[in-house]
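What follows is one structure encoded as structure tokens, with my remarks underneath.
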Amino acid sequence: MDQKDAQELRLKLSSANKEERLAALERLHILLREKQPDFPPLNPLNPLLTSKDPVERRMASWAIGKLAQNKVKGGEYPVKTLIELLMDDDEEVRENAAWALGELTSLGIGGEYEIKSLNVLLEDPYSQVRGMSAWTIGRLAERLRVGHYSSVPPLRRMLEDNSLNVRKSAIYALERLTALGIKEDGDIST
């Protein structure tokens, strides 16, 4: 993508016209799947994360996660906004926000401040949200060596979840927390 195309995409992401923004988000999704962008469109995405339209929030939160997965640097990722989106009314937004936070760990971004909100989502009614939250807790432990004993009880309960993916994510997270020496009682084994 050349600079002219990148600038045009940024402008469309910031457009006052909703259809134009959605079309730009679709274009960005295609480019991100192809690992094309060599520019960080973080600034135009930030307002879309707080849009009243859940479709825009879904698409923008997914794009942030994909940018992190593609290890795009050169902008400030909206960690605080992603943490707020963990409590969004829309389950896909919550799932995307949890995924994006997990992907940010590969850039060295994240910390203990996400864990409290992620722990709440371990009890979410939607299995995709529960599983993604457990996976992100595991990523924080594995990549950033961050974890908290308060995650252990809900993760253990998830071992009995109806969803196989949720159970696998819980196992992944518990193994990573155990490797850090984090136990349920708050003691840290050495």
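The values are calculated or read from the model by the stated rules, or taken from the named source; none is laboratory data. Just so it is clear, the structure is predicted and the values come from calculations on it, not from any experiment. Quick reminder, even Gly has a Cβ in these numbers, built from the backbone with ideal geometry, and neighbours come from all protein chains shown.
Would you point out which residue out of Arg157, Arg130, Arg94 is among the charged types (D, E, K, R) and farther than 26 Å from Arg58 by Cα?
Arg157
If Pro78 satisfies all but one of (1) within 21 Å of Val146 (Cα to Cα); (2) in the same structural domain as Glu160 (by TED's automatic domain parsing); (3) surrounded by fewer than 24 Cβ atoms within 10 Å (Cβ to Cβ), what's the number of the condition it fails?
Unmet condition: (2).
Of all residues in the stretch 120-144, how many are surrounded by fewer than 20 Cβ atoms within 10 Å (Cβ to Cβ) and in contact with a helix residue (DSSP H, G or I) (Cβ under 7 Å, 6 or more places away or on another chain)?
8
Taking the criterion of being surrounded by fewer than 24 Cβ atoms within 10 Å (Cβ to Cβ), part of a helix (DSSP H, G or I) and either of a type in the set (Phe, Trp, Tyr) or in the same structural domain as Leu82 (by TED's automatic domain parsing) (or both), would at least one residue in the stretch 150-170 satisfy it?
Checked the stretch 150-170: no residue is surrounded by fewer than 24 Cβ atoms within 10 Å (Cβ to Cβ), part of a helix (DSSP H, G or I) and either of a type in the set (Phe, Trp, Tyr) or in the same structural domain as Leu82 (by TED's automatic domain parsing) (or both).
What number of residues within the stretch 87-114 satisfy the criterion of being of a type in the set (A, V, I, L, M) and buried (at least 24 other Cβ atoms within 10 Å of the Cβ)? So that I can check it myself, show each step before the final result.
Within the stretch 87-114, the subset of a type in the set (A, V, I, L, M) is 87, 93, 97-98, 100-101, 104, 107, 109.
Adding the requirement that they be buried (at least 24 other Cβ atoms within 10 Å of the Cβ) leaves 93, 97-98, 100-101, 104.
Adding up the residues that qualify gives 6.
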